[in-house]
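A quick write-up on the structure given underneath.
The values are calculated or read from the model by the stated rules, or taken from the named source; none is laboratory data. Every value quoted in this text rests on a predicted model; they were computed, and no experiment measured them. A quick note on method: Cβ atoms are made from the backbone with ideal geometry, for glycine too, and the neighbour counts reach across all protein chains shown.
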Amino acid sequence: MSPSSQHPAELLPWYVNHTLTPEEARVVEDWLRADPARQGQLAALRQTRQAVAAHPQPAPSPRVRAAVLTQVQSRRPRSSIGLRLSWVWGTVTAVALLCVLWLIIQPGLAVEWHIQGQGASAFRVYRAPVGSAQFELIHEVAARPNQYAYAVTDLSPLPGQVYTYLIEAVTPDGHPIISQSVIGNGLDALPAQLALLLTSAVAGYSLMLFARFWPSLAIGRRMIGA
């Protein structure tokens, strides 16, 4: 509701504060002259205004005042820089944590095979999308005495892509022999990969918020202590 649409009695506080337009002030003055008793309301409002103006305003302690001024002055020119730095730290943390977790947990497709005899010196694992003959070497595992079960993890499968894995046994004299093939679906590794991505993103965002708002929280604690 605008002042011009209010009753003249409701405009009295603004009249006392001299914040009405000339037209609104004339409306109030005409209303006051129409009834001498209304001058009492005007006088009461003026006394209230004088009493409030004369009341001492509480001032913060020098410690609180200095802390607030320091915070305001330091944040004015550096607010955008601090925001960028917090995003940088958050991103670096998220990427570093993702790399560490990826190497530790290895959220990929497990390729397993078994052998029935000894004689191979190593095993090479090749991968290609199902229906393609473009195989690429992704792992090489040394053979171990008296070990008949082997496994490697493909850390870079694409979600929704089905792969054929060829396991090639290498004889001690260097001759390769394709011995087994395994089928794997990239969707099987997607839940673990998404979990690591989400965990890393949350950690990075949390650090960004911490770096962004920690100075304000520290100032608030000092103010409360003051």
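Scan region 151-162 and give yes if some residue there is buried (at least 16 other Cβ atoms within 10 Å of the Cβ) and more than 16 Å from residue 188 (Cα to Cα), otherwise no. No - not one qualifying residue is present in region 151-162. The number of residues in region 149-178 that are within 24 Å of residue 107 (Cα to Cα) and part of a loop (DSSP other than H, G, I, E, B) comes to 7.
Hey, among 96, 142, which residue is modelled with pLDDT of 80 or more and in contact with a strand residue (DSSP E or B) (Cβ under 9 Å, 6 or more places away or on another chain)?
Numbers: 96 fails: in contact with a strand residue (DSSP E or B) (Cβ under 9 Å, 6 or more places away or on another chain).
Step by step, each of 96, 142 is checked, and only 142 is modelled with pLDDT of 80 or more and in contact with a strand residue (DSSP E or B) (Cβ under 9 Å, 6 or more places away or on another chain).
Take the conditions at pLDDT 75 or above and assigned to a helix (DSSP H, G or I) and apply them to residue 68. Does it pass?
no
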